[in-house]
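Since the structure comes first, as structure tokens, the remarks are kept for the end.
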Amino acid sequence: MPSRLAMHTSSCCEEAREWLLLANTSRCRLSGTAVPGWLRDRYDWGPCRWPFHWCEAVRSTELDCGALADMADECLRSEGLTTSRVQVVKSFSPTDVGHWARRWRAAGGSTWWIGDGLIYHEDVAIMGRTLRVFDPTDNAWVDETALTGYGRIVAIRFVPAVRGVEGSWAAYADGDWHITDPSTRGQTERAS
Amino acid sequence: MTTVYVTGVHSGPNPSPGLGVARSLRQAFDDVRLVALDYSTRSTGLHHSVFDDVLVQRPWPELDLELHRDLITQISTDGYLIPGLDLEIAWLAQDWAPPRGYLGPNAEALRWTDKLDMPAAQLLGFRVPDLVALPAPESQLHQFIRRHGGKGWLKGRHYEAKMLRDWQSFRSAREELHDRWPEGLLLQEHILGAEGCIAFAAWKSRLLGAVRMRKTLVTPEGKTWAGRVEPVTGPTYSALEEACEAMGWSGGGELEYIEADNGERFLIDFNPRFPAWIHGATIAGVNLPARLLAAAAGYPGVHERPLAQEFVRVVWEIPIRSGLGPSLVRTTPSEDTKSGKHPSGMPQLASRISEAPRHRAAAQPIEDPGQTDCFPAELVGLTGIGDTPLRLRLPEATRGRFDRMTQLALDVERRSGLPVRVAYSLKTDPHPMLVAAALEHNFLVEAISQDEVRTALTAGFPTERIVLNGPVPFWNTPNGRRRRVYAWFADSVEALEAQGSRAPSEIVGVRVRLPGISSRFGVSLDDPTTWSTLVGAVRSLGLEKPGAPRFGLQIHTASSAVGTDQWQLLFETLVDMAGAIERLVGLPIRCLDLGGGWHPDDGDDVLGPALSGLLGKARSGLVGLEEAILEPGKWLALESAVLLTRVVEIRRTDEACELVVDASIAEMPNLANAPTRMISQSHDGTWHTLREGNDRIVGRLCMEEDVLARDVDVPDWLLPGDLMGVLDAGAYNASMSYEFGRGSSSPVG
């Protein structure tokens, strides 16, 4: 399942979450966009130790893709948008992933997300007239260009479930992401 | 063999489209002779081997324009010409019937691209950003920049755009662009959103194709360095088809637009030629220059070979064309400076074809100053003025201002259901006339120091009508004894923790600085730790106990720093924040205090009318809210005085006039941040507005920045000794004025 920041029972995490939403609202209103690009301006990408609590996350200088995606999801939903979490498998070179593995181990983080040239990654989707995927780690929209070349997506899944199935695979066609039949694995094929 | 001439071939950091057009034509047609035509050997694309030949013209200042037009006519009759320079296209369109081989828009088509109103936008289903054409009165320009939070673009009519951050950056940009582009400048609103470009080609009203390009890499100047191209289809294509027919378009074209988050598209430029990235579209399989030539020449079709949907630019050394070195055209240092950024000489062409820069309108007499708000009635029939400069206070105008503010507060209260109190900001201008007006109108008064508290008390204010603000309001408290005031807003968590539980006031609150706002004042909510500390500090004040002060929040972000629309959004964020504190602390917010450095125009036209709605929403969201406090300063005080000054010297040249007066920026210290209007009195005692023109008015000081007005038209009848007035001489122009260059003389009023 996608990463979720945890809440302490004391008020610290509730305060932290309120702060995030307030900061997001203020910045979104100033910038005229609902997309929380400011998260990546504020937080570097780096290892976190899970379970990760809201009060810890907002005060960190580094967040991993899961924490960024969860924060982005909260921000987007607070702006009235319907969202979905997105799980992605991406392909990199063994050299690239080797750097990340060493860094995560040195920080005491877990490296389960790193495979042999493949990594697990998290984004967030905005579900409206069209389905758009936002990567808060790269601070960029994810479109068909992400399916080829360096760092290409090899699999993508939307959570929560659609049509009662836990996790829904997706493919890119006609300028948009589309939920595919979960019984197929068409997610790596580009529409012609 | 068909010959095609291509103009505008410079390929530097700010490239023209000619080289890309030529490469696209060559890709489609092996047997076409391509000739580059430009106006300087510094146009680097001349040296590219894609051109079979080059035709370098003398620079624009040397060209006989009639002869040159004849050459263009000949070229376009014997062959074809694809123009790549906006001003060249505009010049050619003047009184010229294009021959069959001219592959560009004619005069009627060009009218649709006029940057002043962009009539094509409506055809295409785009909106147009707010715009002011220069020259324009300084006050109008300042209002535009203020209301858009300082953000905007200053553009030449055909070339260049400078991004603006504030009034000062506008002034710098204007100084830089003013001489380069004498045909006039445009001040355009900055639109937030994603940039987009559409390139298209049409021939005799028929659209031949269109592509959309999304920039994927940009230079620090914002120019395309890599992009993704896809064909335009659907409703956008249909709209473009209909637009080309309506405009009668022939040639290439580029639409530059911004798509806001809500999907609205704003057309920010319509360039009447192919864009510099046009070969990127050819790479993607849509060869628009070739389609254009094929349509004009009657070729059966164009073989287009898509290589990739994305393109990227690289830096690439090429040999210089034999016999064509950059030293071929000798330049003077000044021309070298001008042509460095524009090798094709567009600034020189602009100088040649521009109209007379400004019409020197006669000064407009004020027939009945009492009829207009702009000119104080106190000036009518004004005589017997002694020494100048003299700051003349305007009691009637001031009373009117305070009356209108009182009425506004009543109207807002009636409509929103929330009681509104007005607190006059003493620091803005503590002149006794203004303090008395505040007292008479039953306002509160806002003080930032104990000295100001004493001023208020001396004027007759009871302590219960004093609001205390600022970083050190208790500094210099006599005998350490604090008087009970109406409200106190802490400027920091530290002050709230230290003073909050013992501050003698009916309302205790804190000034907040919302995330994303840059300021030294208020508790910054950019940091989650500070947020938690603030919440903890509020919790520990014990304000929930019976008899404890009521709790309030204050926001004082200048509307000119963020824009008047954004200010309203910030107020809504304040209300959200107040709601969050209520939830976390369990303490109702009873009071919201609003300041914002509102200019009278912005207050009257924008914020005043919006206040009812804003406070109504606040009342709905915060059920414990009991009142709002408004803290106008400039809004009330700016127009309360006029600075009278006399003409000392008039310096005239053929082009412009410089007037020296006995006033200076010492009496008007805020002029650099906010220009004001000037008036002059003719010998029959009538007052006249100074219209826009080429002249300027400078002060008596030996300081380069002692300039009181720019771009004004000094009346021909003005003589040394005549009286003039600088309006808006109240507020900070009064309170921050200083003594300078007057020896031991007393400071002005």
Self-check item: Compactness of the stretch B:261-309, expressed as Rg and Dmax over alpha-carbon positions, Å
Solution: 14.3, 43
Self-check item: Estimated translational D of the stretch B:1-117 in µm²/s (Stokes, Kirkwood radius over Cα pairs; 20 °C; 1.002 mPa s)
Solution: 146
Practice problem: Kindly flag which residue pairs out of B:Lys215/B:Lys617; B:Lys155/B:Lys427; B:Lys151/B:Lys215 have an alpha-carbon separation exceeding 31 Å in this structure. | Solution: B:Lys215/B:Lys617; B:Lys155/B:Lys427
Quiz item: When only alpha-carbon atoms count, how far does the protein assembly as shown stretch along each of its three principal axes, as whole angstroms with the largest first?
Solution: 96, 82, 46
Self-check item: Phi to ³J(HN,Hα) by Karplus 6.51 cos²θ - 1.76 cosθ + 1.60 over the stretch B:146-162, Hz, x for Gly, Pro
Solution: 4, 6, 9, x, x, 8, x, 9, 9, 10, x, 5, 10, 9, 6, 8, 10
Quiz item: Hey, got the Cα dimensions of the stretch B:473-576 along the principal axes, in Å, largest first?
Solution: 42, 28, 22
Quiz item: Averaged per residue, what accessible surface does the protein assembly as shown expose to a 1.4 Å probe, in Å²?
Solution: 43
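Roughly how big is chain B's charge dipole about its Cα centre, with Cβ charges of +1 (Lys, Arg) and -1 (Asp, Glu), in debye to the nearest 20?
Working: 75 positive and 96 negative charges, 368 e Å.
The dipole of chain B has a size of about 1760 debye.
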Quiz item: At what distance in nm do the modelled label points of B:Asp654 and B:Arg583 sit from each other, each positioned 7 Å from its Cα along Cα→Cβ?
Solution: 7.2
Quiz item: What residues does the stretch A:1-41 have that are buried by at least 50 Å² of accessible area in the full protein assembly compared to the chain on its own, 1.4 angstrom probe?
Solution: A:Glu15, A:Glu18, A:Trp19, A:Leu22, A:Ser26, A:Arg27, A:Arg29, A:Leu30
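Å³ per residue of the Cα convex hull, for the stretch A:1-92?
For the stretch A:1-92, the hull spanned by Cα atoms encloses 116 Å³ per residue.
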Self-check item: Stokes-Einstein translational diffusion, the stretch B:92-147 - Kirkwood Rh over all Cα pairs, 1.567 mPa s, 4 °C, in µm²/s
Solution: 93
Quiz item: Between the stretch B:384-425 and the stretch B:434-466, what is the C-alpha centre distance in whole Å?
Solution: 15
Quiz prompt | Portion, in percent, of the accessible area of chain B that falls on carbon or sulfur, probe 1.4 Å | solution = 50
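Order B:Ser560, B:Ser612 by their accessible area, 1.4 angstrom probe, all chains in place, largest first. Present the calculation step by step, with values, prior to reporting the outcome.
On the way: B:Ser560 45, B:Ser612 15 Å².
The most accessible residue leads, giving B:Ser560, B:Ser612.
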Quiz item: What percentage of the solvent-accessible surface of chain A, computed with a 1.4 Å probe over protein heavy atoms, is contributed by carbon and sulfur atoms?
Solution: 49
Exercise. Could you point to the residue in B:Ile198, B:Pro600, A:Leu147 farthest towards the positive end of the protein assembly as shown's charge dipole, with +1 and -1 charges on the Cβ of Lys/Arg and Asp/Glu respectively?
Key: A:Leu147
Practice problem: Step through the residues of the stretch B:94-100 one at a time and calculate ³J(HN,Hα) from phi using the Karplus curve (6.51 cos²θ - 1.76 cosθ + 1.60, θ = phi - 60°), rounding each to whole Hz and writing x for Gly and Pro. | Solution: 6, 6, 9, 8, x, x, 4
Quiz item: Just how far, in whole angstrom, is the stretch B:493-527 from the stretch B:540-585 if you go by their alpha carbon centroids?
Solution: 10
Quiz item: Among B:Val647, B:Ile665, B:Val623, whose Cα lies farthest out toward the positive end of the dipole of the stretch B:612-749, if unit charges sit on the beta carbon of Lys, Arg (+1) and Asp, Glu (-1)?
Solution: B:Val623
Practice problem: Would you kindly derive the ³J(HN,Hα) couplings of the stretch A:66-78 from the backbone phi angles with the Karplus curve 6.51 cos²θ - 1.76 cosθ + 1.60 (θ = phi - 60°), listing them in order in whole Hz, with x for Gly and Pro? | Solution: x, 5, 4, 5, 5, 5, 4, 4, 4, 5, 5, 5, 5
Quiz item: What's the buried accessible area, both sides, between A and B using a 1.4 Å probe, rounded to 100 Å²?
Solution: 2200
Exercise. Just tell me how shielded A:53-60 is by partners: mean number of partner chain Cβ atoms within 10 Å of each residue's Cβ, no decimals.
Key: 2
Quiz item: Given H placed 1.01 Å from N in the peptide plane, which residues other than close sequence neighbours of A:Ala6 have an amide H under 5 Å from its amide H?
Solution: A:Phe52, A:His53, A:Trp54
Practice problem: Would you mind putting A:100-111, B:525-536 in packing order, based on average other-beta-carbon counts within 10 Å, highest first? | Solution: B:525-536, A:100-111
Exercise. Note down the magnitude of the dipole of the protein assembly as shown about its Cα centre, charges +1 on Lys and Arg C-beta and -1 on Asp and Glu C-beta and zero elsewhere, to the nearest 20 debye.
Key: 2080
Practice problem: Just tell me how shielded B:522-533 is by partners: mean number of partner chain Cβ atoms within 10 Å of each residue's Cβ, no decimals. | Solution: 4
Quiz item: In whole Å, how far is the Cα centre of the stretch A:119-135 from that of the stretch B:121-153?
Solution: 36
Quiz item: Which value, in debye to the nearest 20, gives the size of the charge dipole of the stretch B:52-180 about its Cα centre, when Lys and Arg are +1 and Asp and Glu are -1 at the Cβ?
Solution: 960
Exercise. Using Cα pairs closer than 8 Å and at least 6 residues apart in sequence, work out the relative contact order for the stretch B:264-328, in percent.
Key: 28
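What is the mean number of Cβ atoms from other protein chains located within 10 Å of the Cβ atom of each residue in peptide B:261-271, rounded to a whole number?
Partner-chain Cβ atoms within 10 Å, mean over residues of B:261-271: 1.
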Self-check item: Peptide ranges B:516-523, B:483-490, B:315-322 listed from the most packed, as the mean C-beta count within 10 angstrom indicates
Solution: B:483-490, B:516-523, B:315-322
Self-check item: √(5λ) per eigenvalue of the Cα gyration tensor, the stretch B:656-721, largest first, Å
Solution: 20, 13, 12
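Using alpha-carbon pairs under 8 Å, 6+ residues apart, how would you state the relative contact order of the stretch A:39-119 in percent? The partial results should precede the final answer.
On the way: 69 pairs, mean separation 23.6, N = 81.
Rounded, it is 29 percent for the stretch A:39-119.
Given the convex hull of the Cα atoms of the stretch B:561-697, what is a quarter of its surface area in nm²? Don't skip to the end; give the middle numbers.
Values: hull surface 46.8 nm².
Its average projected convex-hull area is 11.7 nm².
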Quiz prompt | Amide H within-cut-off set for A:Thr137, under 5 Å, with H built and near neighbours excluded | solution = none
Quiz item: Remind me, relative contact order of chain A in percent, using alpha carbon pairs under 8 angstrom and six or more residues apart?
Solution: 19
Quiz item: Hey, what number do you get for chain B at 222 nm if only DSSP H runs of n ≥ 4 count, each worth -39500 (n - 2.57), divided across all residues, to the nearest 500?
Solution: -8500 deg cm²/dmol
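If Rh is defined by the Kirkwood formula over all Cα pairs and Rg also comes from Cα, what ratio Rg/Rh do you get for chain A?
Numbers: Rg = 16.7 Å, Rh = 17.4 Å.
Reported Rg/Rh, Kirkwood definition of Rh: 0.96.
Mean shadow of chain B, computed from the convex hull of its alpha carbons, in nm²? Could the numbers behind the result be given before it?
Numbers: hull surface 153.0 nm².
Average projection, Cα convex hull of chain B: 38.3 nm².
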Quiz item: What residues have an amide H closer than 5 Å to that of B:Ser205, excluding those fewer than 5 places away on the same chain, when H is modeled at 1.01 Å from N in the peptide plane?
Solution: B:Trp249, B:Ser250
Quiz item: What length, rounded to one decimal in nm, is gained on full extension from B:Ala133 through to B:Trp96, with 0.36 nm per residue of separation minus their alpha-carbon distance?
Solution: 10.6 nm
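The values are calculated or read from the model by the stated rules, or taken from the named source; none is laboratory data. Bear in mind the structure is a predicted one, so any value in this text is a computation, not a measurement. All Cβ positions, even for glycine, are placed from backbone atoms using ideal geometry, and neighbour counts span all protein chains on display. Note: accessible area is taken over every heavy atom of the protein model, side chains too, but ligands, DNA and RNA are not part of it. Shrake-Rupley method; radii C 1.70, N 1.55, O 1.52, S 1.80 Å.
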